[in-house]
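Here the structure is laid out as structure tokens; the discussion comes afterwards.
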Amino acid sequence: MKMEFNVNVCFSRGEFELIADAVRDKVKTEKVQNDANMLCDYMNIYDKASSIATLLKISEYEKALKISDEEEEEI
């Protein structure tokens with residue numbers, strides 16, 4: 001049974017990377033490796049956390065680029 005919650009929570013990119021790392025480490029355990037359903041669940045969580053961390057990285061890069069461009073225009 002899947003439950004959906006609408007919760008307002010803030011995570012940094014680093015925190016999402018830690019979540020992805022923790023899930024990846026959990027996937028390596030024998031218990032998860034021997035249970036296909038659990039493995040699939042953990043991999044889905046890992047994929048989501050990794051995707052969010054990547055999107056945040058891109059967003060941070062684009063912000064830095066914009067700031068850099070604005071500073072160049074001022075010169």
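Checking the conditions here, which among 53, 20, 36 is touching a residue at least 40 places away in the same chain (Cβ under 8 Å) and of a type in the set (A, V, I, L, M, F, W, C)? Even if it seems obvious, please write down each step before you answer.
Details: 20 fails: touching a residue at least 40 places away in the same chain (Cβ under 8 Å); 36 fails: touching a residue at least 40 places away in the same chain (Cβ under 8 Å).
One residue alone meets the criteria, 53.
Is there any pair with a first residue in region 1-16 that is closer than 18 Å to residue 52 by Cα and a second that is open to solvent by 80 Å² or more (accessible area, probe 1.4 Å) and not hydrophobic (A, V, I, L, M, F, W, C) whose Cβ atoms are under 7 Å apart and which are 6 or more apart or on different chains, and what are they?
13/57; 13/60
The values are calculated or read from the model by the stated rules, or taken from the named source; none is laboratory data. All values reported here derive from a predicted model rather than from experimental measurement. Neighbour counts are summed over all protein chains in view; Cβ atoms, including those assigned to glycine, are modelled from backbone coordinates with ideal geometry. Heads up: the accessible areas ignore ligands, DNA and RNA and are worked out on the full protein's heavy atoms, side chains in. Shrake-Rupley method; radii C 1.70, N 1.55, O 1.52, S 1.80 Å.
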